[in-house]
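**Q** Below is the structure I would like to discuss, written out as structure tokens.
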Amino acid sequence: MVFSAIATNLVTYLTTVLHESKVDAARNISAWSGVCFLTPLLGAFVADSYLGRYWTIVVVLPVYIVAMLVLIASASLPVLFQSDVHPAVVYLGIYLAAIASGGVKPCISAFGADQFDSSDPAELVKKGSFFNWYFFLTTTSSLLSGTVIVWLQDNVRWAVSYVIPTVLMLICFPAFLAGSRVYRFREMGVSPITSLLQVVVAAVRKWNAKLPDDSSLLYEQASSPCTTEASHKNKHTNQFRFFDKAAIVPPGDESTVQTSPWRLCTVTQVEELKMLLSTLPTWASFVIFYAVTSQMQSTMIEQGMLMDNHVGSFAIPPASMPIIGVLSFLIWVAAYEIVLAPLARRFTGNEKGFSQWQRLAIGQALSILTMALAALVETRRLAIAEASGLRHREVPVPMSILWQGPVFFVHGAAEVFGAIGMTEFFYDQAPATMKSLCAAFGQLAVASGSYLNTV
């Protein structure tokens, strides 16, 4: 809710309170949004390498609170309004929030999933439900921010709209700490980035080395330092065989303990890199998925501005139409948990109902359907504009904005299957030492989709 309270109506704040031009406001919001979805990489690195997910959350939540206090001050202290430092205070607040967001985004969902034992079939099913309800709650918060908080910003005072989520944060932070005694914590190993680089460097150094036919001859420690648990090892696979060269023991080198990790890596390290590389095609495909999501927040609203937005005497703001997608998301999450998953379980035999790939594929298909419906609506709108003599005029055509409803509704379903499935995919497919880092890759897909949509 805190993040949405800042992001949803930021363009209005910059243009009406700071009196920025629309061009400057758009550019500044794009830059800020990019930071919000890039800082999770740094947050994930810190969580996986140094602090762990729990302590990263504990450190960044107070930063979030400070960011909101700065924004409250910027919106409530009259002495700032006439001062040249007012814009600096505002940007200090929103960029502190961007930094804090970078610690929260990759850690919250991953830390929640850590509470379930993936080796226990019963808990594995509950973990799938966790991701569904996690997104249900965060989307509910976004819905409240996009309605109640935005209304307060437009009709009451900006400071009040910032105080409410800040007070909730002050309540929820101690609540999060109160559960510390019952949380499950994953042990940390060496820096995942360092481990990946060691594999690449060691493999390149042995470019001309010949791989043994027997993979058991590749180097593996009895207790690998790159794992989260001493007993955890990854089995050798035949994909990306080039990187297996990093685990070739140099001839005559019996004392592997003394060998530099930049020259000799374990099979587990190599397999972790392979696991990360194997997620790239899925990640790339979801850049397109999130480009569609970006369309819902930009092009569709512009389309709505050129349609009849009156329903009786009530005028629907075009920027409010995405609420249909939010409501659809909430409905489909409940439907998925209560109806679809149990029904699919009977036919597939999968404990989760749908396999991971089935869920992602359905999300992609619904995303395609979303754009197809949007194209049909635009085709119809253009035909009406042509018939009405309005083709080259920036005025609404006599076509109801409610025709956008099915587009947003289908996209809400696409998010339930695609976006939630993507988050669970990165958690399940990620190496044990890189859960937060892979969650950050998911956030990077959102940023990349937005930039692709801009292009």
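**Q** So what's the back-of-envelope 222 nm ellipticity for the chain, counting only DSSP H runs of four-plus at -39500 (n - 2.57) apiece and dividing by all residues, rounded to 500?
**A** -21500 deg cm²/dmol
**Q** Check which residues have an amide H placed less than 5 Å from M399's amide H, if you skip close sequence neighbours.
**A** Residues meeting the criterion, in which the H sits 1.01 Å from N, are D308.
**Q** Now a separate question. Compute the length gained on full extension between S21 and T194: take 0.36 nm times their separation in residues and subtract their Cα-Cα distance, giving the result in nm to one decimal.
**A** Here the answer is 57.9 nm.
**Q** Next up: Ignoring ligands, DNA and RNA, what percent of the accessible area of the chain is carbon or sulfur (1.4 Å)?
**A** Carbon and sulfur atoms account for 67 percent of the accessible area of the chain.
**Q** Where the centre of each part is set by its Cα atoms, how far does the stretch 129-203 sit from the stretch 320-370, in angstrom?
**A** When both Cα centres are located, 23 Å separates them.
**Q** A follow-up question, please. May I ask for the net charge around S400, where only other residues with Cβ less than 13 Å from the Cβ of S400 are counted and Lys, Arg are +1 while Asp, Glu are -1?
**A** Surrounding charge for S400 is +1.
**Q** Could you tell me which of the pairs K105/K235; K105/K206; K127/K235; K105/K274; K126/K245 are separated by over 32 angstrom between their Cα atoms in the structure shown?
**A** In this structure, K105/K206; K126/K245 exceed 32 Å between Cα atoms.
**Q** P(r) of the chain in 20 Å steps, Cα pairs, percent per bin?
**A** 21, 50, 24, 4, 0
**Q** Moving on. Can you give the accessible area of I338 in Å² (nearest 10), computed on protein heavy atoms with a 1.4 Å probe?
**A** The value for I338 is about 120 Å².
**Q** Next question. Just reorder K235, K127 by solvent-accessible area, largest first, 1.4 Å probe, all chains present.
**A** K235, K127
**Q** Then there is this: Between the stretch 79-125 and the stretch 372-404, how many Å separate their Cα centres?
**A** Each part's Cα centre sits 40 Å from the other's.
**Q** Nearest 10 degrees, 0 to 90: what angle lies between the long axis of helix 121-144 and the longest principal axis of the chain (Cα atoms)?
**A** Orientation of helix 121-144: about 30 degrees from the principal axis.
**Q** Okay, moving on. So, for the stretch 277-454, what is the accessible surface per residue at a probe of 1.4 Å, expressed in square angstrom?
**A** About 45 Å² of surface per residue is accessible.
**Q** Working from Cα positions, state the angle (0 to 90°, nearest 10) between the long axis of helix 267-278 and the longest principal axis of the chain.
**A** It works out to around 30 degrees.
**Q** Quick check: net charge around T379, other residues with Cβ under 15 Å of its Cβ, Lys/Arg +1 and Asp/Glu -1?
**A** Surrounding charge for T379 is +1.
**Q** Here is a follow-up. Can you give the accessible area per residue of the stretch 1-189, in Å², using a 1.4 Å probe?
**A** Here the residues of the stretch 1-189 average 47 Å² of exposed surface.
**Q** While we're looking at this one, here's another question. What do you reckon, how do V167, V270 stack up by accessible area (1.4 Å probe), largest on top?
**A** V167, V270
**Q** A follow-up question, please. Using only Cα atoms, tell me the angle between helix 22-46 and the longest principal axis of the chain; keep it within 0 to 90° and round to the nearest 10.
**A** Roughly 20 degrees between the two axes.
**Q** Separate question: Hey, can you rank 372-380, 10-18 by average C-beta count inside 10 Å, highest first?
**A** 10-18, 372-380
**Q** Separate question: What shape does the stretch 391-455 have by the C-alpha gyration tensor, where a ≥ b ≥ c are the square roots of the eigenvalues, rounded means a/c under 1.5, and otherwise prolate means a/b greater than b/c and oblate the rest?
**A** Oblate.
**Q** Something else now. Give me the accessible area of F3, 1.4 Å probe, in Å² rounded to the nearest 10.
**A** For F3, the solvent-accessible surface is approximately 50 Å².
**Q** In addition: Which value, in Å² and to the nearest 10, is the accessible area of D154 when all protein chains are kept and the probe is 1.4 Å?
**A** Roll a 1.4 Å probe over it and D154 shows about 90 Å².
**Q** How would R241, R346, R205 rank on accessible area, largest to smallest, probe 1.4 Å?
**A** In descending accessible area the options line up as R346, R205, R241.
The values are calculated or read from the model by the stated rules, or taken from the named source; none is laboratory data. All of these numbers come straight from a predicted model, not from anything done at the bench. FYI the Cβ positions are ideal-geometry reconstructions off the backbone, even for glycines, and counts take in every protein chain you see. Keep in mind that these areas ignore ligands, DNA and RNA; they rest on the heavy atoms of the full protein, side chains included. Shrake-Rupley method; radii C 1.70, N 1.55, O 1.52, S 1.80 Å.
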